[in-house]
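Here's the structure, in structure tokens; my notes come after.
The values are calculated or read from the model by the stated rules, or taken from the named source; none is laboratory data. Computed from a predicted structure; not experimentally measured. Note: ideal-geometry Cβ built from the backbone for every residue, glycine included; neighbour counts use all protein chains shown. Surface areas here come from the heavy atoms of the whole protein model, side chains and all, with no ligands, DNA or RNA. Shrake-Rupley method; radii C 1.70, N 1.55, O 1.52, S 1.80 Å.
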Amino acid sequence: MFRQIGPTEILIVLGVVLLLFGGKKLPELARGSGKALRIFKTEVKALHDDDDDDIKPASLESVQASEQDKKPEQG
């Protein structure tokens, strides 16, 4: 009854997303989605590690600070 999503359907969805948000907004959306996913993964990991009381859930500030540490100096 249900068939798998093929490459044609994926291209159609990507085309619609490109039309809705435009080429300039897509990197910003991807960056925001990546941050949200990273925070979600650390929260889930913290829930699984309930034994350790000293684990603090990741906040947006801690994720941004770690990203700043990873960026090479531009100059």
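Could you check, for the range 8-28, whether at least one of its residues is open to solvent by 80 Å² or more (accessible area, probe 1.4 Å), assigned to a loop (DSSP other than H, G, I, E, B) and modelled with pLDDT of 80 or more?
yes
Out of the range 33-59, which residues are touching a helix residue (DSSP H, G or I) at 6+ places or on another chain (Cβ under 7 Å) and either in a helix (DSSP H, G or I) or modelled with pLDDT of 70 or more (or both)?
Lys35, Arg38, Ile39
At pLDDT 85 or above, open to solvent by 80 Å² or more (accessible area, probe 1.4 Å), under 17 Å from the mean Cα position of the chain (by Cα) and among the charged types (D, E, K, R): is that true of Lys70 in this structure?
no
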